[in-house]
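Peer 1: I'd like to ask some things about the structure below.
Derivation of every value follows stated rules applied to the coordinates shown; laboratory data play no part. Treat the numbers as computed from the prediction; the structure is a model and nothing was measured. So basically every Cβ, Gly included, is an ideal-geometry build from the backbone, and we count neighbours across all protein chains shown.
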Amino acid sequence: MSDQASPAYAAPADPENALRAQHWGLLARLLVTAPDQTLLAGLAGLSGDDTPLGRAYEGLAAAAATTNPKAAADEFFALFIGVGRGELLPYASFYLTGFLNERPLADLRRDLAAMGVERQAGRHEPEDHVASLCEVMAGLAGGAFEASGLGCGGAGEAGFFARHLEPWAGHFFDDLGRAPSSSFYRAVAGIGRQLIEIEARAFALARAAAGDASPATRAFA
């Protein structure tokens, strides 16, 4: 995704948002194409802490340490491309309607247009691909994208997440974790599940603190 071109993320206002941008950006990178040797080596050097997300990162590090680029590429092909189709279809439209290129994609394109975000040249998958949505969340957290025009608070992040990721991405990561070909990507699924849960709780707490008990999607009714 892009706001006219590949974005250079602005410095977030606080370290928490910088870290959120890194989490989302890593997911986007791993879900758009298989990791190369440089990325695998970097992931293998990660360490976690005694939190669910920290333990998920320890699992990712262990998986990266025992994976090579060819194995990762073969796994990515089986999961997401396949002969005819992959084991998974990582699109919001499919998870929400059972079909591709349905209303969830049209709604997303409307919101991306309101944000001034365009698909990068050379990217051919529909914008509701999970990697593209993770990339948008990284841009929102990192300051590259602005969604306040969507009218749902939190610089629009809460509403964007609630409409375009929260209803289905957890199910996708569950499916990714148990897909027949998942090995390295089982660990990626663990990161994804934890991040979806953390963001959902954080946005709910922010709404409660603001005295707003209604869903963040109210502006999109």
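Peer 1: Picking from 182, 93, 47, which is most flexible by a Gaussian network model of the chain using Cα springs under 10 Å?
Peer 2: Most flexible of the set in this elastic network: 47.
Peer 1: Mind listing P(r) for the range 104-171? All alpha-carbon pairs, 10 Å bins, whole percents.
Peer 2: Using 10 Å bins, I get a P(r) of 20, 61, 18, 0 for the range 104-171.
Peer 1: Testing the spin-label approximation: label points 7 Å from Cα along Cα→Cβ at residue 125 and residue 210. State their distance in nm.
Peer 2: Modelled inter-label distance: 3.0 nm.
Peer 1: Take residue 22, project a point 7 Å from its Cα along the Cβ direction, then tell me which residues of the range 52-68 have their backbone nitrogen under 20 Å from it.
Peer 2: 52-65
Peer 1: Which number do you get for Rg(Cα) / (2.2 N^0.38 Å) in the range 48-139?
Peer 2: Details: Rg = 16.3 Å, N = 92, 2.2 N^0.38 = 12.3 Å.
Rounded to two decimals, the normalised Rg is 1.33.
Peer 1: Another question, then. Just to be sure I understand the curve: with the Debye formula and one point per C-alpha of the chain, what is log10 I(q)/I(0) at q = 0.08, 0.11 Å⁻¹?
Peer 2: So the normalised log intensities work out to -0.27, -0.53.
Peer 1: Can you pull the one-decimal nm distance between simple spin-label points at residue 183 and residue 118, each 7 Å off the Cα toward Cβ?
Peer 2: In this crude spin-label approximation the distance works out to 4.2 nm.
Peer 1: Moving on to the next point. What number, rounded to the nearest 500 deg cm²/dmol, is the helix-based mean residue ellipticity at 222 nm of the chain, given -39500 (n - 2.57) per DSSP H run of at least four residues and division by all its residues? The partial results should precede the final answer.
Peer 2: Details: 10 runs with 124 residues, N = 221.
Theoretical 222 nm ellipticity from helices: -17500 deg cm²/dmol.
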